[in-house]
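Everything on this sheet refers to the single structure shown next.
Every number here is computed from the coordinates shown, using simple stated rules; none is lab data. Keep in mind the model is a prediction, meaning the values are calculated, not measured. As a convention, Cβ positions derive from the backbone with ideal geometry for all residues, glycine included, and neighbour counts pool all protein chains shown.
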């Protein structure tokens, strides 16, 4: 089986899913993940190469960095399939399986061009998951999502082409920001990793998807970007600062956001910040921290999205202003959600604690005091939005008058498995540590560290109780919170529309003048081709322009 | 009756958190906590930092609402 690219089974099966009777679809999907997961046993090395036009592309390689990501991606696929066992939406099932397969394939790519193919494959498959949200806002969000993901791919292709032209090398190697191609590739990864100001697509699209869709989305795209950054930009100082900003700023947005799945998307962004800081430091300890954090984060973030998905499935909304008091009707979901919340908040004995400690220790070891306390501060922020806000507003806050059913069994099972892993990894961190890229002897459970972390968390909870008691805690309000997607949803069209309208008028006037000249010179009235198609049709028109500009940049860069 | 359930729950929860908080600060006096930076080793520093950070985040968030909050159908 060593010549079968991991993830390819899943993509092949997803294509044949329509001809499989509905009753067997989910079992077959699980089987395809199992078939793909056999690749985890292959060990390390280069397994599949492809000769094309005299060049060799590495389609399947495995090493100490691919293994933890491949493992967690397979695990996440299993959770997603069990969670969506009841899901009869064929398009969403196909897209989910192919998307997970593409992400797994991407992890095993050994050169930038194969990575690019998988990179675009994850974009093109995942957009159908957003589309399956099946509301008008989900559809327009999916279009924006596609445009941005494709832009990331185009930037990656430009970077890879330039790199090949300038250095003759296109293999995945360590890069830096001193040359143009490095910057292009950095930006491509930065979009998918939701860097500050490039993050709008994430909070825009994830909460628009179906209950099951969001769980799938939350696991793969951004962590694939983290993997790519860890592979190509370890030890890039800029990433420390970018990561620190990423941990801190989404925190404030999460406080005031009303849609709890959007709160989780801000929280996801904040978690990526911790991983990016780890990549920026670039020591063995910090890279281990990044990988460990990505691993446990996928599980508890999926768990939190699953619990909110269950609420959405049963109540029909995840708006904080319309929820509350569900603990009575959905006790299991409540408990699982709280386990996810305690894991992400990094309580001792939960998985977040054993992973985040590695990154904090790496910062401490490097003497980066400012960043250390920014992340310490952000940890209080994580507790605020994911640790308290999510469970509090969904399940407690105030009594609920109408009855609601507990989540279906398959959802509870998936949440149960995830919760079990959160606690299991928290109590026995050595299983996780043994699959990390570097062998590092590390003991997270020292008395100093436990007391320090508990003081931070418990006093932050005390602050919450204090704020609620004195009515200082912001009430849930139905609202839209502006985010960086505002720039392309409001500001750019605001500038672009008048510009294009002016251009349209100029072109139309020219056309009239030409017509008049033609009539005058020939004495006949005959029109040129009809120019009425020249109208501003956003957003596809804007996207075409944007991609054209990128293409021109490519041509200029090559020249 | 049902209203009381949640209130009782909140009361118990508050009590437990206050007791744990007191214990956590008292423990700090029994031994010297080692940390990477001297700042964190100050008695009760993480506790103080956690409390202040939380209040800061919430109050800044409330203030941000004035700038960033729009009607629910803003983009429609």
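Brief remarks on what is shown
- Projected label distance in nm at residue B:72 and residue A:420, using a 7 Å step from Cα toward the beta-carbon: 3.9
- Sequence ranges A:285-295, A:494-504, ranked by mean other-Cβ count within 10 angstrom, highest first: A:285-295, A:494-504
- Entry note, region A:40-169: relative contact order of 20 percent, from Cα contacts under 8 Å with a spacing of 6+ residues.
- Extension gain from residue A:30 to residue A:137, taking 0.36 nm per residue of separation minus the Cα-Cα distance: 35.4 nm
- Computed extension length for residue A:42-residue A:434: 139.4 nm, one decimal, from 0.36 nm per residue of separation with the Cα-Cα distance subtracted.
- Paramagnetic reach from residue A:91 (point 7 Å along Cα→Cβ, amide N under 19 Å) across region A:114-144: A:121-144
- Shielding by other protein chains, A:249-255, mean Cβ within 10 Å: 4
- Region A:49-65 versus region A:150-208: alpha-carbon centroid distance in Å: 20
- FRET E, pair residue A:544, residue B:13, Förster distance 41 Å, beta-carbon r, rounded to 0.05: 0.15
- Against the main long axis of the alpha-carbon atoms of chain A, helix A:369-382 sits at an angle near 80°.
- Per-residue average of Cβ from other chains inside 10 Å of A:389-397: 1
- Between residue A:522 and residue A:63, the modelled labels are 6.7 nm apart [label points 7 Å from Cα along Cα→Cβ].
- With contacts taken as Cα pairs under 8 Å at a separation of at least 6 residues, chain A carries a relative contact order of 13 percent.
- In chain A, the longest principal axis of the Cα atoms and the axis of helix A:90-107 are about 80 degrees apart.
- Cα-based shape type of region B:2-68, given that a ≥ b ≥ c are square roots of the gyration tensor eigenvalues and the cut on a/c is 1.5: oblate
- Ordering of A:205-216, A:9-20, A:459-470, A:348-359 by packing [mean C-beta count within 10 Å, highest first]: A:205-216, A:348-359, A:459-470, A:9-20
- When the Cα gyration tensor is reduced to axis lengths a ≥ b ≥ c, the ratio a/c is 1.5 or higher for chain A, and with a/b above b/c it is classed as prolate.
- Label zone of residue A:50 (point 7 Å out along Cα→Cβ, amide N under 20 Å): in region A:117-140 this covers A:117-126.
- Extension gain, residue A:197 back to residue A:445 (0.36 nm per residue minus Cα-Cα distance, nm): 85.6 nm
- Distance between modelled label sites at residue A:328 and residue A:171, nm, 7 Å Cα→Cβ extension: 6.5
- Against chain A, whose longest principal axis is taken from its Cα atoms, helix A:136-167 shows a tilt of about 80°.
- From its DSSP helices (H runs of at least four residues, each -39,500 (n - 2.57)), chain A gives a residue-normalised ellipticity at 222 nm of -22500 deg cm²/dmol.
- Counting, for every residue in B:23-30, the Cβ atoms of other protein chains within 10 Å of its Cβ and taking the mean gives 3.
- Once the Cβ-Cβ distance of residue B:32 and residue A:427 is raised to the sixth power relative to R0 = 30 Å, the FRET efficiency obtained is 0.65.
- For region A:124-279: relative contact order, % (alpha-carbon pairs under 8 angstrom, 6 or more apart): 24
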